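To start, the structure itself, in structure tokens.
The values are calculated or read from the model by the stated rules, or taken from the named source; none is laboratory data. Owing to the predicted nature of the structure, the values given are computational and were not obtained by experimental measurement. Note: ideal-geometry Cβ built from the backbone for every residue, glycine included; neighbour counts use all protein chains shown.
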Amino acid sequence: MNVAIIGSRGYPYVYSGYETFVKELSERLVKKNVSVTVYCHKALFKTKPKVVNGINLKYIRGVNTKSLSQLSHSLISILSACVSDYDIIFVVNAANGPFGILTKLFNKKTVINVDGLEWLRPKWKGLGANYYKFAARMATIFYDQIINDAEEMRKIYLELFGKDSKVIAYGPKENINSSSQILDKLKLKKLDYYLIVGRLIPDNNWDILVDGFKLSNSNKKLVIVGDNPFKNKFQDNLEKDNSNKIIFTGLIKDQSELCDLFRNAYAYLHGHEYGGTNPTLIESLSFGNAVLALNTVFNKEVLQNGKYGLFFEKNRASVKEMIQYADSNKKEILDLKNKSKNALKNKYEWNYIVDQYIEVFEAVRVKNYAS
């Protein structure tokens, strides 16, 4: 089977959840004898090998502006794939929903992973929000199979668009066992800091997490790992809090350093709101983290209604109270750390996930897959 993957920035470039997902899925598909071609955003790659780790790479230009860069890249990539010999065109991101009309015209078999509620994210307002909701609806019309990563997201698509979808979750990134010097470099001690990992954007509510942490007067530190390639006022305002107590590391590319930060944190703070299954939340559990998460239906699904984590509400006072509670209840936090990996059994394990994707691809290819 020959599969094209379109809609991420490419491989092995890793910036957001989509790139991480494409990396993890592609590498495992190849090991199961699936031919994979990942379409890459040409401007992001200094070197452009044709094959990496058995994955075929095609480099496509896009319009180099913040708002049109990724959409234009996906549009041109889909056109390229339509005139190529792929059994399945697999697209990520609901924003690419309207482009499915091209695959219909060329009679191509398609699958799309639509991800989260993009039209509700703070960064998209007015025209942007309207486009994302329109695009999600078009995805349910033009693509042969819709995939959501959470049961709760499946329910939303069913209610809003009258279209059922297949639920296939995400799995964690590979756990790298080699140690690093990151704790010494940042002057940290094991179990002496809270951790946040992700992009510096309003969607993830990091301002509320930082303010709540400051109000808590915790004697621990707060370590924030992440960046945004497009500088913005939200990020600038957050980074004003950089101090001995609140440490902004920026993007950490060394995976052994990132793994060490996950492993040794007292607890992981998760403020993501609009996605389904968040890859970083899965990653934090895979490293044995106690998770303190925003109370959303998606986070509750992953953490099984509190079996594997604790919840706070979307306000500074609630974050403050949660951190104070965590500080005062070390035994409960350590119990969560000890059992957190159990949350990932089956549904969030990559072997199971990849087998599900292959099953969907094969079924769409032979036209007998019923969602």
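Do you know which residues across region 12-24 are in a loop (DSSP other than H, G, I, E, B) and closer than 20 Å to F99 by Cβ?
Within region 12-24, just S16 meets the criteria.
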Residues satisfying the stated conditions in region 137-157, i.e. small (G, A, S) and more than 23 Å from R199 (Cα to Cα): A139
Specify which of the listed residues (N342, N346) is within 17 Å of G171 (Cα to Cα), free of Cβ contacts under 8 Å to residues at least 24 places away in the same chain and either assigned to a helix (DSSP H, G or I) or polar (S, T, N, Q) (or both). N346
Which ones in region 259-305 are in a strand (DSSP E or B) and out of contact with any helix residue (DSSP H, G or I) (no Cβ under 7 Å at 6 or more places or on another chain)? L294
Cross-chain or 6+ apart pairs with Cβ under 8 Å, region 138-149 first and farther than 17 Å from F106 by Cβ, then among the acidic types (D, E) and surrounded by fewer than 22 Cβ atoms within 10 Å (Cβ to Cβ): I146/D164
Only one of (1) more than 18 Å from A290 (Cα to Cα); (2) surrounded by fewer than 22 Cβ atoms within 10 Å (Cβ to Cβ); (3) of a type outside the set (A, V, I, L, M, F, W, C); (4) out of contact with any Pro (no Cβ under 7 Å at 6 or more places or on another chain) is not met by K220, so which one is it? (1)
Could we say that D85 is in a loop (DSSP other than H, G, I, E, B) and surrounded by fewer than 24 Cβ atoms within 10 Å (Cβ to Cβ) here? yes
Please go through region 25-58 and pick out each residue that is within 21 Å of E174 (Cβ to Cβ), touching a residue at least 40 places away in the same chain (Cβ under 8 Å) and outside any loop (DSSP other than H, G, I, E, B). L25, R28, L29, V52, I55, L57
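Each row is one residue, and each column tells you yes or no for (1) assigned by TED's automatic domain parsing to the domain that holds V34; (2) outside any helix (DSSP H, G or I); (3) touching a Leu at 6+ places or on another chain (Cβ under 7 Å).
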| residue | (1), (2), (3) |
| --- | --- |
| A81 | yes, no, no |
| G100 | yes, no, no |
| K104 | yes, no, no |
| K108 | yes, yes, no |
| Y131 | yes, no, no |
| T140 | yes, no, no |
| I147 | yes, yes, no |
| D164 | yes, yes, yes |
